[in-house]
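Comments concern the structure below.
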Amino acid sequence: MTAVPTAVDPATADPGTLEDLAALVADGDVVVLSGAGLSTDSGIPDYRGATGSLRRHTPMTYQTFLRDPRGRHRYWARSFVGWPQIREARPNAGHAAVADLQRAGLVTGVVTQNVDGLHQAAGARDVVELHGGLERTVCLACGDVADRGELHERLHAVNPHFGPHVDEVNPDGDAELPDELLDGFVMVDCLACGRGPLKPDVVFFGETVPRDRVDTCFAMVEQAGSLLVLGSSLTVMSGYRFVLRAEKLGIPVGLVNLGPTRGDAKVDVRVDAPLGTVLPDLVRRLAA
């Protein structure tokens, strides 16, 4: 069960910042852009923040997945072990606050860089998953899209005793395993065509986000009254480009994140504080 967060003490924040953020959101037509920092309270680490998994491992790249059968085998072995923790993760207070703001008619759209499905689990609607979703798989031979849970059951059937329990997974859903365990893992093929390889329906590092998806997100930002960035360092252009577009069009940008971001000089309102306390506090202020 997620602990109920306490309200943010305005004395510990920059003067006026929370009030300015509330004023920005109160105008409505807000598009949310969320990153990995929003899901850390749900037990999913981010790449660059306080839980920074990039400091500990190199994430799977699209090129390695396509060209290196051993690397692909390693990914699926680790993902098989890590998937239950992703599947069992629950939305936290930050996800719930975004859904509350949407139900209140203030947030008109959500673009997420996360692949965990927690926005939808919290009740948010019409979420655009910029980098796809771990709950689906796609066959690179025939294009069939299937349920990840079904794949996990098939993998468990042929790997009933594989892999240790792990306490932490990486943001892309895999877990660290000793290389000596990998040879004991058996991968399965696509049910639709009998071939493969299967790939999680996510955008790996080095892979291009589908153009139509990017265009949809740009259109959402261009029609917004404001852009609210939540839990993203904006280090990669995948998300940062939407902040640049908003700035170019004169659309106000608010940002809530722990620590500095690439977009700090581009935003109108910035709160450096935990999302799990700031966002519920924001909802309460707007409901008052």
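Taking only region 182-205 into account, find how many residues are farther than 30 Å from Gly239 by Cα and either within 24 Å of the chain's Cα centre (by Cα) or without any contact (Cβ under 8 Å) to a residue 40 or more places away in the chain (or both). Show your work before the answer.
Looking only at region 182-205, we keep the residues that are farther than 30 Å from Gly239 by Cα, and these are 182-196.
When the remaining residues are screened for being either within 24 Å of the chain's Cα centre (by Cα) or without any contact (Cβ under 8 Å) to a residue 40 or more places away in the chain (or both), the result is 183-184, 186, 188-189, 194.
Here the count works out to 6.
Hey, can you tell me all the residues within region 224-249 that are open to solvent by 60 Å² or more (accessible area, probe 1.4 Å), out of contact with any strand residue (DSSP E or B) (no Cβ under 8 Å at 6 or more places or on another chain) and over 19 Å from Thr40 (Cβ atoms)? Show your work before the answer.
Just the residues of region 224-249 that are open to solvent by 60 Å² or more (accessible area, probe 1.4 Å), to begin with: 235, 237, 245, 247-249.
Among the residues that remain, those that are also out of contact with any strand residue (DSSP E or B) (no Cβ under 8 Å at 6 or more places or on another chain) are: 235, 237, 245, 248-249.
Within region 224-249, Met237, Arg245, Lys248, Leu249 meet the criteria.
Taking region 96-110, which residues are among the β-branched types (Val, Ile, Thr) and either under 20 Å from Ile86 (Cβ atoms) or surrounded by fewer than 23 Cβ atoms within 10 Å (Cβ to Cβ) (or both)?
Result: Val98, Thr108, Val110.
I'm trying to understand the selection: among the residues of region 78-120, which are among the charged types (D, E, K, R) and farther than 24 Å from Glu150 by Cβ? Talk me through it step by step, then tell me what you get.
In the first step, residues of region 78-120 are kept if they are among the charged types (D, E, K, R); the result is 78, 87-88, 90, 100, 103, 116.
Passing the criteria: Asp100, Arg103.
Considering region 144-180 alone, what residues qualify as being within 23 Å of Asn114 (Cβ to Cβ), open to solvent by less than 10 Å² (accessible area, probe 1.4 Å) and at pLDDT 95 or above?
Answer for region 144-180, where residues must be within 23 Å of Asn114 (Cβ to Cβ), open to solvent by less than 10 Å² (accessible area, probe 1.4 Å) and at pLDDT 95 or above: Arg148, Leu151.
Going residue by residue through region 198-208, is there one that turns out to be at positive phi, of a type outside the set (Lys, Arg) and surrounded by 21 or more Cβ atoms within 10 Å (Cβ to Cβ)? If you could, list the steps in order and put the result at the bottom.
Residues of region 198-208 at positive phi: 206.
Right, trim to of a type outside the set (Lys, Arg) and you get 206.
Subset that is surrounded by 21 or more Cβ atoms within 10 Å (Cβ to Cβ): none.
The answer is no; no qualifying residue exists.
Any chance region 71-91 includes a residue that's of a type outside the set (Lys, Arg), closer than 22 Å to Val30 by Cα, crowded, with 21+ Cβ neighbours inside 10 Å and touching a residue at least 40 places away in the same chain (Cβ under 8 Å)? Please lay out each step first, then the result.
If we filter region 71-91 for residues that are of a type outside the set (Lys, Arg), which is where we start, we get 71, 73, 75-77, 79-86, 88-89, 91.
This time we only want the ones that are closer than 22 Å to Val30 by Cα, so: 91.
Then drop every residue that is not crowded, with 21+ Cβ neighbours inside 10 Å, which leaves 91.
Then drop every residue that is not touching a residue at least 40 places away in the same chain (Cβ under 8 Å), which leaves 91.
Yes, region 71-91 contains at least one residue that is of a type outside the set (Lys, Arg), closer than 22 Å to Val30 by Cα, crowded, with 21+ Cβ neighbours inside 10 Å and touching a residue at least 40 places away in the same chain (Cβ under 8 Å).
Does region 46-58 contain any residue that is in a helix (DSSP H, G or I), modelled with pLDDT of 95 or more and over 25 Å from Gly149 (Cα atoms)?
Step one: of region 46-58, the residues in a helix (DSSP H, G or I) are 53-55.
Right, trim to modelled with pLDDT of 95 or more and you get none.
No: zero hits.
Do you know which of the residues in region 117-143 that are of a type in the set (D, E, K, R) and under 25 Å from Val25 (Cα atoms) is surrounded by the most Cβ atoms within 10 Å (Cβ to Cβ)?
Of all residues in region 117-143, those of a type in the set (D, E, K, R) come to 125-126, 129, 135-136.
Right, trim to under 25 Å from Val25 (Cα atoms) and you get 125-126, 129.
Values: Arg125: 12, Asp126: 10, Glu129: 23.
Filtering first and then ranking leaves Glu129.
The values are calculated or read from the model by the stated rules, or taken from the named source; none is laboratory data. If you're wondering where the values come from, they're calculated on a predicted model, not measured in any experiment. Positions of Cβ are backbone-derived with ideal geometry, glycine not excepted, and every protein chain shown enters the neighbour counts. Note: areas computed on protein heavy atoms with side chains; ligands, DNA, RNA excluded. Shrake-Rupley method; radii C 1.70, N 1.55, O 1.52, S 1.80 Å.
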